[in-house]
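To start, the structure under review is shown below, and the notes come after it.
The values are calculated or read from the model by the stated rules, or taken from the named source; none is laboratory data. Being a predicted model, the structure only gives us computed values, none of them experimental. Methodologically, a virtual Cβ is constructed for each residue, glycine included, from the backbone with ideal geometry; neighbour enumeration extends over all protein chains shown. Keep in mind that these areas ignore ligands, DNA and RNA; they rest on the heavy atoms of the full protein, side chains included. Shrake-Rupley method; radii C 1.70, N 1.55, O 1.52, S 1.80 Å.
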Amino acid sequence: MKKIVLFFTMMVLLIGVCGVSRAEDTLQGITKRGVLRAGVKDLTPGFALADLKTGEIKGYDVDIVRAIARKLDVRLEITPVKEEERISFLTEGRVDIVAATMTRTKEREYLIDFSHTYFVTAQKFLVRKGTVQRLTDLNNKTIGTVDKTTSVVNVRKAVPSANIVIFSDYVPAFLALQKREIFAVTTDEAILAAILVTADEGVFEIPQVSISKEPYGLGIRKGHESFLRFVNQTLLDMEESGEAKRIYDKWFGPESSIPMKRTFKITSR
Ligand code: GLU
């Protein structure tokens, strides 16, 4: 019996030690390399959009990880990620952090850790003006969205009769809407609003029909507690100092091209 207890104690200690050293890997690795490797999108206006001429990716998500790199006193290295790569790039160790309009969900929390919520939006629809007043107006319609997202899961539940068409990204989905190939595009309101400002005025709109709340978290490899703590503390400090609001205002504030009310604050809840 004593031997069994000793064996289990040793195992617990071993797992604990491995856990601690693993937990320090990301933070130590970043400071040793002098680089924070961040996965962001590259075709999501407002959050991370590649400049057509220079290729530089700019947006809210980029500025958030840039602030974290600055706090770490390291260089920021950006890697574009598609929706379906947001988790695999982390688990495969190709990036240290993912800032990619990624909603915190229970399912994803089995695979990765999330920081405190750093942006909140809701899933809505982008449609031709006057075509949608209530959710039932979308019944049996063709709706475009992107795979491996909460958008596709939510719309399938909310409008089961709809014909869901999967696009490689939301911008191509909007092009299909412009060509009248689909009736609506659905995803997070902030993404839709950023796409809407690129369209001719008065043709499209985002009706007040919402099917979910979407709190975004920064993705971090599981078990890297010291890095997660660092990121969370940085986010709280940014809220406290006003930097988080400044970044929000730069992309979504009243003076920006995509004005949207900031309905959240970064907190530890
Ligand atoms: N935020 C949602 C998600 O994480 C949908 C928008 C997106 O593609 O990021 O899946």
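Of note:
- Index of the failed condition, residue 84 passing every other in (1) in a loop (DSSP other than H, G, I, E, B); (2) touching an Asp or Glu at 6+ places or on another chain (Cβ under 9 Å); (3) within 30 Å of residue 198 (Cα to Cα): (1)
- Among the residues of the range 94-112, those that are within 13 Å of the ligand (Cβ to nearest atom), in contact (Cβ under 8 Å) with a residue 60 or more places away in the chain and either closer than 15 Å to residue 41 by Cβ or among the polar types (S, T, N, Q) (or both) comprise 98, 99, 100, 101, 102, 103.
- Filtering 228, 192, 235, 196 for residues that are at negative phi, within 13 Å of the ligand (Cβ to nearest atom) and touching a Phe, Trp or Tyr at 6+ places or on another chain (Cβ under 9 Å) leaves a single hit, 192.
- Filter result for residue 57 (closer than 21 Å to residue 150 by Cβ, open to solvent by less than 40 Å² (accessible area, probe 1.4 Å) and at pLDDT 95 or above): no
- First in the range 137-161 and over 21 Å from residue 180 (Cα atoms), second anywhere and part of a helix (DSSP H, G or I) and away from the ligand (no atom under 11 Å from the Cβ), Cβ under 9 Å, 6 or more apart: 148/85; 158/135; 158/138
- Every residue from the range 221-234 that is farther than 23 Å from residue 85 by Cβ and at pLDDT 95 or above: 229, 230, 232, 233, 234
- Screening residue 209 against (1) over 22 Å from residue 114 (Cβ atoms); (2) under 19 Å from the mean Cα position of the chain (by Cα) leaves a single unmet condition, (2).
- Condition check for residue 120: open to solvent by 50 Å² or more (accessible area, probe 1.4 Å), hydrophobic (A, V, I, L, M, F, W, C) and within 12 Å of the ligand (Cβ to nearest atom): no
- Screening residue 185 against (1) hydrophobic (A, V, I, L, M, F, W, C); (2) in contact (Cβ under 8 Å) with a residue 12 or more places away in the chain; (3) away from the ligand (no atom under 16 Å from the Cβ); (4) closer than 22 Å to residue 48 by Cα leaves a single unmet condition, (3).
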